[in-house]
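Notes follow the structure.
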Amino acid sequence: MKIVDLRSDTVTKPSKEMFEAILNAKLGDDVYGEDPTVNKLEEMAAQKMGKEAALLVTSGTQGNLVSVMANTNKGEEVILESESHIYYYEVGGIAAVANLLVKTVKGERGVLGPGDVEDAIRPKNIHMPLTRLVCIENTHNRAGGTVWKPEQIKAVSDVVEDKGLNLYMDGARVFNSAVAQNIDVKKMTRYVDSVMFCLSKGLACPVGSVICGTEEFIEKARKYRKMLGGGMRQAGIIAAPGIIALESMVERLEEDHKNAQILAKGLKDLGFDINPVDVHTNILVFDVDNADNFLNTLRKNGINASKFGEKRVRMVTHLGIAETDIDRVLEIIETIF
Ligand code: TLP
């Protein structure tokens, strides 16, 4: 029985073209800045994001931590959405490693309002930590893959700029956001100082994320990456599939979004509390009576999904999921539940 793995788009396997690119990659020692394939990927990424420079990192988590550190000083405060990945799923690195204070702000399906951000920024006061950085997440994972529209980013960016802070975007799935809105990714990144995107999610690479920003920011980030053990040597073997991904995996995200819509509509028809209009990209988050029971029963029938709460589950479409798999998932759910 083929397992339909809807746990995450991180489970995607590299394509044949990616394996070939790995075999043929020109390599050097990237800690000396001498890996031509890494350099090429970083140039491409910076250009795609409309930023001066870029840096390949081992993972989205490392990219977020390095970026947050390069944007702040110890003891300062960072504003995060209350269900953001940095707050929820990164083992508290922002506190334990970066020594930062976090203030969470509840967003509307993951999107922060400019007024709420403004209210959360500390006044300059001898007793208080200095607010230094605001982070946004696009698409927002726990909110169900929701997108930030360019004007929503601009609204927060205006506040951030006015207060002299920095704006960072955890854009692990920012290409999903761009494809879903049918816009160039730069329409969003132009409003943030720095951004991270993942190669190893919908873009189907085995490893890696890239952070982008000013030359000065990337220079600092490079130092922090080294500190955190992320100085890689012949990292061209990671960058080579990254180049393929940027060239040929972005537009196909549309298929994952289509499959997510079919799944959402099917689940709605079966009586689940999900509105397809709220499913913007490749992530579905919805409530069930009991997440453990629901997921265990699915697992026994060859379907994997993730627990997102006692009554909440997540399903993610990706390269390894075809429309026929979605049909099978819906059939099985109809039969069992
Ligand atoms: N998210 C993973 C899990 O950690 C939950 C997933 O399966 O979705 N930012 C966002 C918005 C993410 O969703 C993720 C990964 C990361 C950062 C971290 O990326 P990695 O897994 O490469 O460290």
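For this structure, a couple of remarks:
- Test: residue in the range 227-242 that is surrounded by 24 or more Cβ atoms within 10 Å (Cβ to Cβ) and more than 16 Å from the ligand (Cβ to nearest atom): yes
- The residue that is nearest to the chain's Cα centre (by Cα), counting only those in the range 32-41 that are crowded, with 23+ Cβ neighbours inside 10 Å and assigned to a helix (DSSP H, G or I), is Leu41.
- Beta carbons closer than 6 Å, at least 6 apart along the sequence or on distinct chains, pair a first residue in the range 23-45 that is farther than 20 Å from Leu203 by Cα with a second that is part of a helix (DSSP H, G or I) and not β-branched (Val, Ile, Thr) for Lys26/Pro36; Leu27/Gly236; Asp35/Gly236.
- Restricting attention to the range 69-88 and to residues that are touching a helix residue (DSSP H, G or I) at 6+ places or on another chain (Cβ under 8 Å) and either of a type in the set (Asp, Glu) or within 12 Å of the ligand (Cβ to nearest atom) (or both), the residue that is most open to solvent (accessible area, probe 1.4 Å) turns out to be Tyr87.
- Just one of the numbered conditions (1) surrounded by 24 or more Cβ atoms within 10 Å (Cβ to Cβ); (2) more than 20 Å from Val102 (Cα to Cα) is not true of Asp162: (1).
- For the range 107-114, the criterion of being away from the ligand (no atom under 16 Å from the Cβ), farther than 16 Å from Ser194 by Cα and free of Cβ contacts under 8 Å to residues at least 40 places away in the same chain is satisfied by at least one residue.
- Evaluation of Asp256 against (1) over 22 Å from the mean Cα position of the chain (by Cα); (2) surrounded by 19 or more Cβ atoms within 10 Å (Cβ to Cβ) (one fails), failing number: (1)
- Residue selected from the range 299-327 under the condition out of contact with any strand residue (DSSP E or B) (no Cβ under 7 Å at 6 or more places or on another chain) and part of a helix (DSSP H, G or I), by the criterion most open to solvent (accessible area, probe 1.4 Å): Lys300
The values are calculated or read from the model by the stated rules, or taken from the named source; none is laboratory data. Treat the numbers as computed from the prediction; the structure is a model and nothing was measured. Please note: Cβ atoms are built from the backbone with ideal geometry, for glycine as well, and neighbour counts cover all protein chains shown. In case anyone asks, the SASA skips ligands and DNA or RNA and just uses the protein heavy atoms, side chains included. Shrake-Rupley method; radii C 1.70, N 1.55, O 1.52, S 1.80 Å.
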